[in-house]
Amino acid sequence: MKDLTKIALGESLRKLMAEKPLNKITISDITKDCGCNRMTFYYHFHDIYELLEWALEQETEEALDGKLTLASWQDGLRNVFARLQENQALVMNIRRNANRDVLELYLHRLAAEPLEGFVQEIAGKYRAEVRGAAPDGQAGTGGQAAGAIDDEDALFIASFIEYGVLGLLRDWIDGGMKGDTEVIIARFGMLINAFTK
């Protein structure tokens, strides 16, 4: 069951963040807007940053319908960009006025966690190649099929893709959320195609 008080506190914080910098918002501002007292706030949250992290976590739970796959990653990434654009005032306020870790946590929950299934699918593809028997005379080093990689290398590639997506999102946010997101997705697609062929 959802805690309506926590939801109301989160909505008040979001409303206030659209009006002024995070570092200028006080607990009194939030409780006044929400119609509750300071004790109610402290019953649920230690400070404003804990409330912010909770509110962002709730936001990210709704962002993607399930995990991304090789077949659907473009739509998933479009959804991430759209969600960030819908919350541009909030995201830019966090970027300018909060500890960088708060934005990193938000991006990780919004993009990296759903990407886990996607990157594991890519890693699994490479693992399958390693397990496949190489024809006589075509084995690579260690008896592997030519061009195949082991589990450790597959996980390295998966991590590279995950960090790449987070880096793209960070750079796009740092640039004021400007630029054609379809171009960014297409360029990332070139990299994904190289890994999945």
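The values are calculated or read from the model by the stated rules, or taken from the named source; none is laboratory data. No experiment lies behind these values; they were computed from the predicted model shown. Because the Cβ atoms are built from the backbone with ideal geometry, glycine has one as well, and the counts that use them run over all protein chains shown.
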Discussion item. Condition first: among the aliphatic types (A, V, I, L, M), surrounded by 11 or more Cβ atoms within 10 Å (Cβ to Cβ) and either outside the structural domain of Glu86 (by TED's automatic domain parsing) or modelled with pLDDT of 90 or more (or both). Now tell me which residues in region 174-185 satisfy that.
Written reply: Met177
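How many residues, within region 71-98, are among the hydrophobic types (A, V, I, L, M, F, W, C), over 16 Å from Leu166 (Cβ atoms) and surrounded by 13 or more Cβ atoms within 10 Å (Cβ to Cβ)? Reasoning before the result, please.
Within region 71-98, the subset among the hydrophobic types (A, V, I, L, M, F, W, C) is 71, 73, 77, 80-82, 84, 89-92, 94, 98.
The next check asks that each one be over 16 Å from Leu166 (Cβ atoms); those that pass are 71, 82, 89-90, 92, 98.
Next, only the ones that are surrounded by 13 or more Cβ atoms within 10 Å (Cβ to Cβ) stay: 90, 92, 98.
Counting residues in region 71-98 that are among the hydrophobic types (A, V, I, L, M, F, W, C), over 16 Å from Leu166 (Cβ atoms) and surrounded by 13 or more Cβ atoms within 10 Å (Cβ to Cβ) gives 3.
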Fill in: Neighbours by Cβ (under 8 Å, 6+ apart or cross-chain): first from region 2-15, under 19 Å from Asn97 (Cβ atoms); second not in a helix (DSSP H, G or I)
Leu9/Cys36; Leu9/Phe45; Leu13/Ile25
Worksheet entry | Selection count where residues are in contact (Cβ under 8 Å) with a residue 40 or more places away in the chain and either under 19 Å from Leu4 (Cβ atoms) or in contact with a Lys or Arg (Cβ under 8 Å, 6 or more places away or on another chain) (or both), scope region 23-52 | 3
Item to complete: Specify the residue that is nearest to His108 (Cα to Cα); the eligible residues are those in region 167-181 that are touching a residue at least 24 places away in the same chain (Cβ under 8 Å) and not in a helix (DSSP H, G or I).
Response: Met177
